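Please treat every number below as a calculation from the coordinates, not as lab data. This structure is a prediction, so every number in the text was calculated from the model and none was measured. All Cβ positions, even for glycine, are placed from backbone atoms using ideal geometry, and neighbour counts span all protein chains on display.
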Amino acid sequence: MNNIKYWLSLAIMIIVLAACTDDDDPNTDVSVISIGTGESNDFDKYLEKIYTEPYNISFQYKLADIESDMNYQLVPATYENSVKMANLVKYLCLDAYEEVAPEGFLKVYFPKMMMMVGSGAYRNNGTVVLGTAEGGLKITLYDINNLDISNVERLYEYYFRTIFHEFSHILHQTKDYTTDFDKISSTEYVGGSWNDAWDGKSSLEAGFISDYSSKETNEDFVELIAHYITNTEESWAAKIEPAGDSGKAILEQKITIVKSYMKEVWSIDMDDLRAAIQTRAEKLDEQDFDSITIE
């Protein structure tokens, strides 16, 4: 009986092995399983040149599972929009900081990974995640497949306020701001209910630059930075006008502390940074964001 089982098992194994062999391919030593070599394409080499070498930043666009948030259903960013976004972030963010920040600032403090995701990350409460930062090491940007370079306000809202917001978190987590800021609106923060806490009311009149600012003091602080530098002097004045006298006084008190912090701690003048960003934003239509050069 044991001999019968042995020969039957051997016969089955031979059949299985024969079924896995490509009869049209005489080279049976080559595996039918294809494993990627991970070779870099021209865009990867370009990213190495403009992100990794000067800033030690890894710009990721292929949506590797290990770097993705499995709590959301996500799709990868398209290649074309990834090229555009790589050039755009370099032009409107990194190059603007380079104009006004101390030498080596970005290489030391800017997060070491930027990850592009094609779709938005939608929560059950109806809100959408536009970006995240993880431990000062990584910024993830979503909705890259809906990138529209012709619409600067959308660029600010969906991408660059997110970048500036998350980068500012990294800065204050590295060197904190004064507790005087915490005291200004200490009784007004609404925590996780920020999304519906202002229904029928104005967060601006309460001294918050956005509804999300009212979540807690750190969000309030970085939202002010993100909004201030993505508005011209004129549009900033128009933005805070609806806050009324009381709200404007609170906002001006807060922005004074923010400016002082950026200048004293990081040697960055917020008005100079805003001017660098706004000057570049005015020239977006003159730029070529589709090309890569690896010379």
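FRET efficiency for the pair T78 and E216, taken as 1/(1 + (r/R0)^6) with r the Cβ-Cβ distance and R0 = 51 Å, rounds to 0.90.
For the peptides 154-160, 218-224, 47-53, residues were scored by their other Cβ atoms within 10 Å and the scores averaged per peptide; the highest-first order is 218-224, 154-160, 47-53. Taking a ≥ b ≥ c as the square roots of the eigenvalues of the alpha carbon gyration tensor, segment 194-295 is prolate, as a/c is not under 1.5 and a/b beats b/c.
Extension gain, E99 to K201, is 32.8 nm, computed as 0.36 nm per intervening residue step minus the present C-alpha separation. Neighbours of L47 by Cβ distance under 12 Å: Lys/Arg scored +1, Asp/Glu scored -1, total 0.
Can you check what the net charge comes to around N87, using other residues whose Cβ is under 9 Å from the Cβ of N87 (Lys, Arg +1; Asp, Glu -1)? With Lys, Arg at +1 and Asp, Glu at -1, the net is 0.
Were the residues from A237 through V108 laid out at 0.36 nm apart, the gain over their Cα-Cα distance would be 43.1 nm. For segment 43-286, the antiparallel share of DSSP beta bridges with both residues in that region comes to about 50%. If only the Cβ of Lys and Arg carry +1 and only the Cβ of Asp and Glu carry -1, the dipole of segment 43-286 around its Cα centre is close to 480 debye.
Run the numbers for K175 and N56: contour at 0.36 nm per residue of separation, minus the present Cα-Cα distance, in nm.
Values: separation 119, 0.36 × 119 = 42.84 nm, distance 2.11 nm.
Difference between extended and current length: 40.7 nm.
Quick one: net charge of A237's neighbours, Cβ under 15 Å, K/R +1, D/E -1? Summing Lys and Arg as +1 and Asp and Glu as -1 gives -3.
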